[in-house]
1. Which far-off residues, 5 or more places away or on another chain, put their amide H under 5 Å from the one on Ile105, with H placed in the peptide plane?
2. Using a cut-off of 20 Å between alpha-carbon atoms, which lysines can reach Lys193, once sequence neighbours fewer than 8 places away in the same chain are excluded?
3. Could you please report the charge total around Ile7, scoring K, R as +1 and D, E as -1 over all other residues with beta-carbon less than 12 angstrom from its beta-carbon?
4. Skipping prolines and chain starts, which residues have an amide H placed within reach, meaning under 5 Å, of the one on Ile7, given they are 5 or more residues away or on another chain?
5. Largest first, how would Cys127, Cys91 line up by accessible area (1.4 Å probe)?
6. Report the local net charge at Ser36: Lys and Arg +1, Asp and Glu -1, summed over other residues whose C-beta lies under 14 Å from its C-beta.
7. I want to check the label-to-label distance for Ile178 and Arg119. Put each point 7 Å from Cα in the C-beta direction and report it in nm to one decimal.
8. So what is the accessible area of the chain per residue, in Å², with the probe set to 1.4 Å?
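The values are calculated or read from the model by the stated rules, or taken from the named source; none is laboratory data. This is a predicted model, so every value here is computed, not measured. When we count neighbours, we look across all protein chains shown, and the Cβ atoms used for this are built from the backbone with ideal geometry, even at glycine. Side chains included, ligands, DNA and RNA excluded: accessible areas come from the protein's heavy atoms. Shrake-Rupley method; radii C 1.70, N 1.55, O 1.52, S 1.80 Å.
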Amino acid sequence: MAQPTLIIADDHPLFRAALREVVGRQIAGAQIIEVSSLDALQAAIANHPDSDMVLLDLRMPGARGLSSLLYLRAEYPTVPIVVVSASEDPCVVQRTLDFGASGFIPKSASIETIGESLRAVLDGGICAPPLPERRSKAEEQDREQARRLSTLTPQQLKVLVMLAEGQSNKYIAAHLAITEATVKAHITGILRKLGIERRTQAAVLAQRLMQTGDRAEIRALDDDG
């Protein structure tokens, strides 16, 4: 592959520099774009929609758990995304794959492992640490819900994330520059896709599935928003 384009999204300058060095060593001629926030990442990928890979840190300014991964997967489904995270929790690794990531690299990985993983994804493969083969019934149910969550449209995802933050229909409408009726229509579509009946259920489910180990709280809302 001639001169692949990779976007490194991480808010720690030293780790970005380390990743840039690894990419430069392992992938000859790569064009590297560095960003440090979700807004900057969205601008970068909008300017480079044919990027060959995004290296995504889950805990950047503007990012909330796995919501940034879901946004990218929904808006740029053909761009491979590799999560590079300090977390090595198997549940987080599995959830990123369920949400459509092409790989997961722990920040503790060796330079050789990172290079091998990146080359594997550029060749069309999947890279991730070994995961347990057996899963509990609850884990299988979560995987099914994660699969359903990944079918939401970008706008539905934005609405759902704000529901999980405890925002009202009025706030969501103003923030997205749409009408409250449109917000309600999106919520109806979200509930249908997730197979649940109440917006509070959707908010709690989204928080649980998108979390990466950080504690989060939502403000109680009635179902009229």
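1. Val83, Val84, Ser85
2. Lys158, Lys184
3. Combined, the nearby Lys, Arg, Asp and Glu give -3.
4. HN-HN under 5 Å from Ile7: Ile33, Met53, Val54, Leu55.
5. Cys91, Cys127
6. -2
7. Label-label distance for Ile178 and Arg119, simple model: 4.4 nm.
8. 50
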